[in-house]
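Worksheet for the structure shown next.
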Amino acid sequence: MSEKKQFVAQSRLIDELSLKNRIIELVTKWEVILSFLFVLVFVFFSNMTPYFLDWYNLMNASFQFSEKAIMALPMIFIIMCGDIDISIASIIALCAYVIGISAEAGANIPSLIVVSLIVGTIAGLINGLLITGLEMPAIAVTLATQSIYRGIATGMLGEHACTKYPEGFGFFGQEFISGTTIPFELVLYLGLMLIFAFVLHKTSYGRRLYAIGNSAEAARFSGINVKRTRVINYTLTGLFCGFTAVLLASRILSVRSNIATGWDLEIITLVVLGGVAITGGRGSVFGVFIGSLLVGYLKFGMGLLKFSGTVMTIVIGSLLITAVLLPRLLDIYKANRKLKMQHARPGGL
Amino acid sequence: MADTSFSQFVKRTLARREATLMLLLVVLLVPISIRSPQFLSPNNINTILNDMAILVIVAIGEFYVILSNGIDLSVGSIIAFSGMACGMINESYPQVPAGLLLLVGLAVGALLGLINGVLVAYGKIPPIITTLGTMSIFRGMTFLLSKGTWVTAHEMSPGYIALPRTTFLGLSYLLWIALLVIALFYYFSRYTRTGREIYAIGGNPTAAKYVGVNESRVRLVVFLVSGTLCGLAGALWTARYASAVNEMATGFEMQAVAACVLGGVNFSGGAGGIIGVALGTLFLGVVTNALPVIYLSVFWQTFVQGLIVLIALALNTISDQRKTRKLLAQRRG
């Protein structure tokens, strides 16, 4: 009798423990923390200013971050493999330059897009081949190509600004889906985000990226063509740079050689803040999605409160560092908990 | 017999990066000076050396970070912050002697370098992420410090502006400071325990730890050195260009890395030397100064520098792989 009672009491204790564990496990999940922060940003800013929680404003603000959020998607693949690319802003500048001069030469809209995509893809392919072909460090190679790609744009353009574009070119970066107040760019981003989520989480290509990030050596021995996968990642990123250049040129309708300066930092911040481990092998598209929205609306809110761009730069830089530091502290906390639980576990159960 | 040992000597010397760079410099200078004879005039050489003095100070700091397998992207921002701090102190308190301002620059740079170092060494954040973040944080802090304004030449004391220009034995103080830094760190990396430990950590961190090298301490030291030298460079920059602007030294990290890569510093860590870095800086200076001689506009400067880095990087990597292959072949007999 008493034995049975004791058993019931103990099993209830275990149930409670595991429920508590599951809650802690869930709450310390990076995506959940991000979502919580996201809600916090909304609550904070809508209390601070009446202009924040306004459908039209919220939709309009997405113009400011859609392009960077789109660039963050292929960057997930690169960082997932433990690589890095700090030349993306320069590739965007190079593509934008090509768009600008082609438009001045009288090219039509489809050929502007095609030319930009081709230039971006080639630039990305060159990055990938240089890095994997000679086995040179990605950071050093892309630091050099950063200067080379932007250097071409600077050398060719000088102080010149390209401002002549064909009629209707402004659609991609400025217009709304007809009959609604939803920007075309935002819809495009959401669609691409779903595609990237599918590829990363549901296809063998995505699984390969995780495998390479966890151990490139082990991935190679299990038959994954590591070099080819990395080249594909860089080429894909280059293609997206061309794509983003179209959106950006279309939105601001003026191309100078210093276009998109500093985007490298912001885009890498989005990916790392979204929970993709900088050493590779861990992370999700959903995390980066929440991270992108979080940064986008944080900047929008700060802008409404009249914070200067400088303060925002400091905040973004600090976010990047905290985003890497915090999961590490969480890991230590989780490891300590596990140890404690192992010690606390009563014998025989 | 004597002949073969001499040819071996030549081979060995040529295999060294320092010798290759010297040879390349001469090869480069011949056509340039034919095209424009005044390029090699003492006056122009003096200008090139003075232009490169600040870069070599920063490149030596960057060298230690790369040597330890890291990278410091925040050098330009540290220069800007310390340069702005020195400029503003000079504007408000002109009576502060110029020498003291250099010490202020050093201290400010050391503090910012320490922040980088603590984050990398004890926060275990990869150097690229840390310095990518602090690059924008420090630059933002510069704007906050200056409230967006500049310090111009007529707001600065004549003593401070004159500091880098004063000559001693025919060379400017700026050049003497650069030479002093080169000598000091030549000694540091060859003859001090910490200097050797940086090579050890860069070459093989695991092995270094087993022989008792404190990895965290070394990682802290390299960022401290880099920050301190950038602080000094910032104080000199403001004086040399007689102004402190918020955008100063933007993109300087690229030039510092370029000088290191040209000097034969290996990105996989553990290889390279101070003399190589100094020669790499000089090479970069000659190329940059020669651009107008070959009628290339300054707008192409970024492109040329990037291309040089890429080529040097490829050469470093190829020669490295060849060395490894040779070693492996030797071991197999």
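Read the figures in this text as sums done on the coordinates, not as results from a lab. What you see is a predicted model; the values in this text were computed from it and never measured. Here Cβ is always computed from backbone atoms with ideal geometry, including for glycine, and neighbour counts include all displayed protein chains.
List the chymotrypsin sites (Phe, Trp or Tyr not before Pro) in region B:226-333 that DSSP assigns to loop (not H, G, I, E or B) and whose Cβ has at most 14 other Cβ atoms within 10 Å. Which are they?
Here the sparse-neighbourhood loop sites are B:Y295.
Taking each residue of B:139-150 in turn, how many C-beta atoms of other protein chains fall within 10 Å of its C-beta, and what is the average?
Details: counts 5, 11, 4, 1, 6, 4, 0, 0, 2, 2, 0, 0.
Counting other chains' Cβ atoms within 10 Å and averaging over B:139-150 gives 3.
Averaged over peptide A:306-313, how many Cβ atoms belonging to another chain are found within 10 Å of each residue's Cβ?
Mean partner-chain Cβ count within 10 Å for A:306-313: 4.
If the chain between B:R322 and B:E215 were fully stretched, how many nm would it gain, using 0.36 nm times the residue separation less the Cα-Cα distance?
Net length gain for the segment: 35.6 nm.
Contact order normalised by length for chain A, with contacts defined as Cα pairs under 8 Å and 6 or more residues apart; what percent is it?
Values: 481 pairs, mean separation 105.8, N = 349.
This gives 30 percent for chain A.
Quick one: if the Förster radius is 25 Å, what FRET efficiency do B:A329 and A:L129 give, using the C-beta to C-beta distance and rounding to 0.05? Don't skip to the answer; put the middle values down first.
On the way: r = 27 Å, r/R0 = 1.10.
Taking R0 as 25 Å, the efficiency between B:A329 and A:L129 is 0.35.
Could you go through region B:244-255 in sequence order and give the Karplus-derived ³J(HN,Hα) for each residue, using 6.51 cos²θ - 1.76 cosθ + 1.60 with θ = phi - 60°, rounded to whole Hz, and x for Gly and Pro?
Once θ is set to phi - 60°, the couplings for region B:244-255 become 10, 10, 5, 8, 4, 6, 5, x, 5, 4, 4, 5 Hz.
What do you get for the angle between helix A:309-344 and the principal long axis of chain A? Use alpha-carbon atoms, 0 to 90 degrees, nearest ten.
Tilt relative to chain A: about 20 degrees.
Neighbour counts of other C-beta atoms within 10 Å: give me A:S18, B:S136 arranged from fewest to most.
Numbers: A:S18 11, B:S136 25.
Exposure proxy ranking, most exposed first: A:S18, B:S136.
Order the peptides B:71-79, B:148-156, B:26-34 from the highest to the lowest mean number of other Cβ atoms within 10 Å of their residues.
Those peptides, ordered most packed to least, come out B:71-79, B:148-156, B:26-34.
How large is the Rg to Rh ratio of region A:102-163 when both quantities use alpha carbon positions and Rh follows Kirkwood?
We get a ratio of 1.08 for region A:102-163.
Return P(r) of chain B (all Cα-Cα pairs; 10 Å bins starting at 0; whole %; ordered from short to long distances).
Cα pair-distance distribution for chain B, in percent: 6, 24, 32, 24, 10, 3, 1, 0.
Given the protein assembly as shown, report the % of alpha carbon pairs whose separation exceeds 46 Å.
Beyond 46 Å sits 24 percent of the P(r) for the protein assembly as shown.
Is region B:125-282 best put as rounded, prolate or oblate by its Cα gyration tensor, with a ≥ b ≥ c the root eigenvalues, rounded for a/c under 1.5, and otherwise prolate when a/b is larger than b/c, oblate when not?
Oblate, because a/c is 1.5 or more while a/b does not exceed b/c.
As a test of understanding, state the convex hull volume per residue of region A:15-340 from its alpha carbons, in Å³.
164 Å³
Hey, which of these cross-link pairs are over 25 Å Cα-Cα: A:K306/B:K124; A:K164/A:K306; A:K227/B:K323; A:K29/A:K338; B:K124/B:K323?
A:K306/B:K124; A:K164/A:K306; B:K124/B:K323
Amide H to amide H, which residues 5 or more places from A:F176 or on other chains are under 5 Å from it, using H placed in the peptide plane?
Under 5 Å from the amide H of A:F176 lie the amide H atoms of A:F184, each far enough along the sequence or on another chain.
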